[in-house]
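In what follows, a structure is listed as structure tokens, so that the remarks can point back to it.
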Amino acid sequence: MTKTNISFENFKIDRNRGWFCNQMKVLLANPRGFCAGVERAVETVERALRMFGAPVYVRHEIVHNQRVVQELRERGAVFVEDVEEIPRGAVTILSAHGVSRKVENDAKKCGLQLIDATCPLVTRVHVQGRRFAAKGYDVVLIGHRGHQEVEGTLGQIDGTVHVVATVREVENLVVADPSRVAYVLQTTLSVNDTREVIAALKARYPAIVGQDTRDICYATQNRQTAVLSMAEQIDVLVVVGAHNSSNSNRLREIGDAKGIPSYLVPAADDLQKGWFDNANTIGLTAGASAPEVVVEETIAQFRQWWSDLEVDSLSGPIEDVRFKLPAGIVVGSRTVNA
Ligand code: SF4
């Protein structure tokens with residue numbers, strides 16, 4: 001790991017604490033923060049509030065970030081976990097993570113005016129899973145049981161679906177016909193861990209079909225690559241993101257796997273100065289559902305702690321992915337069709 005040389009003049013005397021250093025370097029990962037699916041989902045709620053007025057109901061957190069959810073709540077969005085809590089006929093948005101067929105059907109039975117903000121890359125996984133199941137394959141969904149996206153994908157595929165997250169779980173799999181097995185992926189997995197799980201599946205079921213790691217979305221892959229590329233230069237990793245954000249947790253785990261003390265912080269207030277006692281260089285990134293303003297607040301907190309703060313923004317791929325807004329949302333003078 002590269003250590004920044006700190007010269008004697010960068011130290012000053014604090015009457016209470018003795019000698020301390022007020023210099024710190026921050027490497028900002030690129031890309032970081034909002035992905036195209038999150039931007040689309042947030043914009044969907046904002047436009048729906050303008051089109052229909054408050055309240056607009058949202059099934060589950062539109063994206064896994066409390067800051068985003070709270071700001072939308074203040075503008076009139078009402079977040080619920082169960083569509084049966086929503087008044088009949090109300091405008092209701094489904095979150096970026098996707099939902100099961102049961103939730104879709106329950107919403108229709110309740111007469112809700114549905115706008116589906118499921119990320120198109122999640123929908124693509126649903127479609128692939130359904131195709132495999134229709135051909136009679138046992139479908140292995142590589143992902144984390146309990147995560148909203150995985151529960152939605154599970155409920156979109158008719159047929160036998162097994163959820164596995166680890167090589168150990170692959171060893172314990174029991175399928176109907178080992179020659180007819182297919183796999184699909186949660187979109188926000190660790191690329192490296194997933195390669196190992198796929199290798200274990202291929203070793204057990206040589207005829208298995210699936211898409212390697214291509215189902216892991218571009219934003220997840222780019223953010224992981226950005227953290228990996230700065231890992232050799234940093235002493236501590238800070239990931240801005242929510243504790244229930246899958247892709248943010250995967251970023252923190254990359255730091256852990258490299259032996260770098262790594263912290264996931266929903267807000268700048270959650271930072272602790274003691275984490276950086278032995279650090280000269282901090283790596284800073286943000287999960288795909290974390291707004292850039294929290295990164296700015298994190299840097300502002302660092303500036304309060306270290307008056308001589310150097311911030312270097314690293315280069316990375318330019319992301320120009322944009323998704324069409326969901327059906328039912330008005331853009332200009334026209335309504336987006338299904
Ligand atoms: Fe879509 Fe990827 Fe963003 Fe998830 S992380 S919302 S799959 S673009």
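Going by the conditions given, is T123 within 16 Å of the ligand (Cβ to nearest atom) and out of contact with any helix residue (DSSP H, G or I) (no Cβ under 8 Å at 6 or more places or on another chain)? Quick ask: steps written out before the conclusion?
Numbers: within 16 Å of the ligand (Cβ to nearest atom): yes; out of contact with any helix residue (DSSP H, G or I) (no Cβ under 8 Å at 6 or more places or on another chain): yes.
Here the answer is yes, as T123 does meet what is asked.
Tell me, please, whether a residue that is among the acidic types (D, E) and over 29 Å from E81 (Cβ atoms) can be found in region 145-163.
Applying the first criterion (among the acidic types (D, E)) to region 145-163 yields 149, 151, 158.
Now drop any that are not over 29 Å from E81 (Cβ atoms), which leaves none.
No: region 145-163 contains no residue that is among the acidic types (D, E) and over 29 Å from E81 (Cβ atoms).
Which ones in region 111-133 are crowded, with 21+ Cβ neighbours inside 10 Å and among the small types (G, A, S)?
A117, G129, listed by residue number.
Does S262 meet the test of being in contact with a His (Cβ under 8 Å, 6 or more places away or on another chain), open to solvent by less than 60 Å² (accessible area, probe 1.4 Å) and small (G, A, S)? Can you show your working first?
Numbers: in contact with a His (Cβ under 8 Å, 6 or more places away or on another chain): no; open to solvent by less than 60 Å² (accessible area, probe 1.4 Å): yes; small (G, A, S): yes.
For S262, the condition - in contact with a His (Cβ under 8 Å, 6 or more places away or on another chain), open to solvent by less than 60 Å² (accessible area, probe 1.4 Å) and small (G, A, S) - is not met.
Quick test for you: out of K108, K102, pick the one residue that is at pLDDT below 95, more than 21 Å from the chain's Cα centre (by Cα) and not aliphatic (A, V, I, L, M). Talk me through it step by step, then tell me what you get.
Values: K102 fails: at pLDDT below 95.
Result: K108 is the single residue among K108, K102 that is at pLDDT below 95, more than 21 Å from the chain's Cα centre (by Cα) and not aliphatic (A, V, I, L, M).
Find the residue count for region 307-338, including only residues that are part of a loop (DSSP other than H, G, I, E, B), over 23 Å from V42 (Cβ atoms) and modelled with pLDDT of 95 or more. Before the answer, list the steps.
Step one: filter region 307-338 for residues part of a loop (DSSP other than H, G, I, E, B), giving 307, 314-329, 332-333, 336-338.
With the extra rule that they be over 23 Å from V42 (Cβ atoms), the set shrinks to 307, 314-315.
If we keep only those that are modelled with pLDDT of 95 or more too, we end up with 314-315.
So the answer is 2.
Consider V331 against the criteria (1) of a type outside the set (S, T, Y); (2) touching a helix residue (DSSP H, G or I) at 6+ places or on another chain (Cβ under 9 Å); (3) within 16 Å of the ligand (Cβ to nearest atom): it satisfies all of them except one. Which criterion is unmet?
(3)
Determine, yes or no, whether V294 is at pLDDT 95 or above and outside any helix (DSSP H, G or I).
For V294, the condition - at pLDDT 95 or above and outside any helix (DSSP H, G or I) - is not met.
When the residues of region 134-170 are narrowed to those that are of a type in the set (A, V, I, L, M) and either open to solvent by 20 Å² or more (accessible area, probe 1.4 Å) or modelled with pLDDT under 95 (or both), which ends up farthest from the chain's Cα centre (by Cα)?
Going residue by residue through region 134-170, those that are of a type in the set (A, V, I, L, M) are 134, 139-142, 150, 154, 157, 161, 163-165, 167, 170.
Keeping just the survivors that are either open to solvent by 20 Å² or more (accessible area, probe 1.4 Å) or modelled with pLDDT under 95 (or both) gives 134, 154, 161, 163, 165, 167.
Values: A134: 29, L154: 18, V161: 23, V163: 19, A165: 17, V167: 22 Å.
Among those residues, the one meeting the criterion is A134.
If a residue must be within 15 Å of the ligand (Cβ to nearest atom), open to solvent by 10 Å² or more (accessible area, probe 1.4 Å) and modelled with pLDDT of 95 or more, how many such residues does region 205-219 contain? Break it down into steps so the answer makes sense when it comes.
Within region 205-219, the first condition is being within 15 Å of the ligand (Cβ to nearest atom), and the residues that meet it are 211, 213-219.
Of the ones still in play, those that are also open to solvent by 10 Å² or more (accessible area, probe 1.4 Å) are 211, 213-214, 217-218.
If we keep only those that are modelled with pLDDT of 95 or more too, we end up with 217-218.
The total comes to 2.
Return a yes/no flag: does region 123-135 have any residue that is within 25 Å of T166 (Cα to Cα), part of a loop (DSSP other than H, G, I, E, B) and without any contact (Cβ under 8 Å) to a residue 60 or more places away in the chain.
Our first condition is that a residue be within 25 Å of T166 (Cα to Cα); within region 123-135, this holds for 123-133.
From what is left, the residues that are part of a loop (DSSP other than H, G, I, E, B) are none.
No: region 123-135 contains no residue that is within 25 Å of T166 (Cα to Cα), part of a loop (DSSP other than H, G, I, E, B) and without any contact (Cβ under 8 Å) to a residue 60 or more places away in the chain.
Looking for something touching a residue at least 24 places away in the same chain (Cβ under 8 Å) and open to solvent by less than 10 Å² (accessible area, probe 1.4 Å) - is there at least one such residue anywhere in region 312-329?
Yes, the conditions are met somewhere in region 312-329.
With the condition kept exactly as written, say whether any residue in region 237-251 is within 14 Å of V26 (Cα to Cα) and either of a type in the set (K, R) or more than 12 Å from the chain's Cα centre (by Cα) (or both).
yes
The values are calculated or read from the model by the stated rules, or taken from the named source; none is laboratory data. This one's a predicted model, so the numbers in the text were calculated from it and none came from an experiment. All Cβ positions, glycine included, derive from the backbone under ideal geometry; neighbour counts span all protein chains shown. These area figures cover heavy atoms from the full protein model, side chains too; ligands, DNA and RNA do not enter into them. Shrake-Rupley method; radii C 1.70, N 1.55, O 1.52, S 1.80 Å.
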